[in-house]
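The values are calculated or read from the model by the stated rules, or taken from the named source; none is laboratory data. No experiment lies behind these values; they were computed from the predicted model shown. Cβ atoms come from the backbone with ideal geometry, glycine included; neighbour counts cover every protein chain shown. The protein model used for the area step is the full one, side chains on, heavy atoms only, and it has no ligands, DNA or RNA in it. Shrake-Rupley method; radii C 1.70, N 1.55, O 1.52, S 1.80 Å.
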Amino acid sequence: MDLKKKEYIYKIKSLAREKNAVIFAHYYTRPEIQEIADFIGDSLALAQQATRVQADILVMCGVHFMGETMKILCPDKKVLIPDMNAGCSLADSCKAADLAAFKAQHPDHMVVSYVNTSADVKALTDVVVTSSNAKKIVDQLPADAKIIFGPDYNLGSYINSVTGRNMLLWNGACHVHSRFSLEALLKLKAENPGVEVLAHPECKAPILAVSDVIGSTKALLEHTIKSPAKRFIIATESGILFEMQRACPDKEFIPVPPEMTEGVGCSCNECEYMRMNTLEKVYNCLLNESPEMIVDKKIAAKAVTSIEWMLKMS
Ligand code: 13P
Ligand code: SF4
């Protein structure tokens, strides 16, 4: 570890102690961010944990909607996010005005939204879900309920298939999860016979169809810890490999590469928004107590109901 990194870690830890701040990180962030975090988790665990900690400041190293969710659940705490530009292509694929118009066309439908949405969209939602609890929550809704599910089409199709529902699906997607190459995955499977494929439900249906375990980041991590197997093929953002390798140093994790577009393509399966969280930005945001997440009070008052329903039904 170079001196700069060590220095930042020391300074971040000291500032966090001094300011009574707690640092949260999603599994897709850079390894050094996961190393300094007090809590690492999937979207559900991060939201749940935020409501339990005693702190004046919460630093959310993840993406914008995660900071918003935290602020909505903890309005009295100062919520900092190292880079306000850390967005999410999936959340961006559903604008509140478009959802409002779609709801108006389907007035007899309730709205179930994935947590990867803006506060404005959550304010138009009946119940929020994450990939950890989507099946459990949809299973609890009345059998005859008409449901709009958004914005992730792949997760929605998967939940339809495991619940037997026929939810009306929004056509949104995560650019990272929708670009995994089926061809490369089939080649990896052929080269590694008997090795289980673990996939996040944001992947497209053909990827999920040839996967053995489908789950949230936390569920996939837990599977690698519990399973006696020594090797796994992983179809999700590659940041999770750091935590998998840390938890299981004797096991091997083989990432599925993304599709090549017209021979060029992107050679990585990283979420560039998650990677915007750096040690320098964490330090600066703690030092300056900025950027601070602010959510419009009227929007927050509506959005909190759909998030609290999720927490109650999880
Ligand atoms: P998890 O809830 O599984 O952590 O997923 C969040 C996310 O952004 C996946 O792309
Ligand atoms: Fe959003 Fe995809 Fe990045 Fe997750 S991996 S934060 S869904 S863009």
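Of all residues in the stretch 67-113, those that are within 16 Å of ligand 1 (Cβ to nearest atom) and among the β-branched types (V, I, T) total 3.
Could you please find all residues in the stretch 180-222 being in a helix (DSSP H, G or I), open to solvent by 50 Å² or more (accessible area, probe 1.4 Å) and more than 10 Å from ligand 1 (Cβ to nearest atom)? Let's see the steps before the verdict.
Going through the stretch 180-222, the residues in a helix (DSSP H, G or I) turn out to be 182-191, 205-209, 217-222.
Those still in the list that are open to solvent by 50 Å² or more (accessible area, probe 1.4 Å) too: 182-183, 186-187, 189-191, 205-206, 209, 218, 222.
Within the stretch 180-222, L182, E183, L186, K187, K189, A190, E191, A205, P206, A209, E222 qualify.
Residue count for the stretch 10-35 satisfying the condition of being closer than 19 Å to P291 by Cα and open to solvent by less than 30 Å² (accessible area, probe 1.4 Å): 11. Exactly one residue out of P75, P31 is touching a residue at least 24 places away in the same chain (Cβ under 8 Å), within 12 Å of M274 (Cα to Cα) and away from ligand 2 (no atom under 14 Å from the Cβ), and it is P31. Out of all the residues in the stretch 121-132, is one or more surrounded by fewer than 19 Cβ atoms within 10 Å (Cβ to Cβ), within 16 Å of ligand 1 (Cβ to nearest atom) and within 24 Å of Y28 (Cα to Cα)? No, because not a single residue in the stretch 121-132 is surrounded by fewer than 19 Cβ atoms within 10 Å (Cβ to Cβ), within 16 Å of ligand 1 (Cβ to nearest atom) and within 24 Å of Y28 (Cα to Cα). For the stretch 144-168, enumerate the residues that are open to solvent by 40 Å² or more (accessible area, probe 1.4 Å) and within 16 Å of ligand 2 (Cβ to nearest atom). Those that are open to solvent by 40 Å² or more (accessible area, probe 1.4 Å) and within 16 Å of ligand 2 (Cβ to nearest atom): Y153, Y158. Among the residues examined, P249 does not qualify as assigned to a loop (DSSP other than H, G, I, E, B) and under 22 Å from the mean Cα position of the chain (by Cα). The one condition from (1) of a type outside the set (A, V, I, L, M, F, W, C); (2) free of Cβ contacts under 8 Å to residues at least 40 places away in the same chain; (3) farther than 24 Å from H175 by Cα that D92 does not meet is (3).
For residues that are more than 15 Å from A25 (Cβ to Cβ) and either modelled with pLDDT under 95 or in a helix (DSSP H, G or I) (or both), tally how many sit in the stretch 66-89. Reasoning before the result, please.
Here is the first cut: in the stretch 66-89, the ones more than 15 Å from A25 (Cβ to Cβ) are 68, 71-78, 84-85, 87-89.
In the following step, the residues that additionally are either modelled with pLDDT under 95 or in a helix (DSSP H, G or I) (or both) were identified as 68, 71-73, 89.
Counting residues in the stretch 66-89 that are more than 15 Å from A25 (Cβ to Cβ) and either modelled with pLDDT under 95 or in a helix (DSSP H, G or I) (or both) gives 5.
Do you know which of the residues in the stretch 24-65 that are away from ligand 1 (no atom under 16 Å from the Cβ) and in a helix (DSSP H, G or I) is nearest to D296 (Cα to Cα)?
I36
Scanning the stretch 80-110 for residues that are more than 18 Å from the chain's Cα centre (by Cα) and open to solvent by less than 30 Å² (accessible area, probe 1.4 Å) turns up A96, L99. Pairs meeting the criteria (first residue in the stretch 163-176 and assigned to a helix (DSSP H, G or I), second residue more than 16 Å from ligand 2 (Cβ to nearest atom), beta carbons under 7 Å, at least 6 apart or on different chains) are T163/K135; T163/V138; T163/D139. Go through the stretch 88-118 and report how many residues are away from ligand 2 (no atom under 16 Å from the Cβ) and of a type in the set (D, E, K, R). So the count comes out to 3.
Scan the stretch 223-246 for residues that are more than 19 Å from the chain's Cα centre (by Cα) and either assigned to a loop (DSSP other than H, G, I, E, B) or within 14 Å of ligand 1 (Cβ to nearest atom) (or both) and report the count. Within the stretch 223-246, residues that are more than 19 Å from the chain's Cα centre (by Cα) and either assigned to a loop (DSSP other than H, G, I, E, B) or within 14 Å of ligand 1 (Cβ to nearest atom) (or both) number 4.
Identify the residue in the stretch 265-314 that is of a type in the set (F, W, Y) and under 24 Å from T130 (Cβ atoms) and, among all such residues, is most open to solvent (accessible area, probe 1.4 Å). Within the stretch 265-314, the match that is most open to solvent (accessible area, probe 1.4 Å) is W309. All of V138, V127, V121 fail the test of being aliphatic (A, V, I, L, M) and closer than 17 Å to Y158 by Cα, apart from V138.
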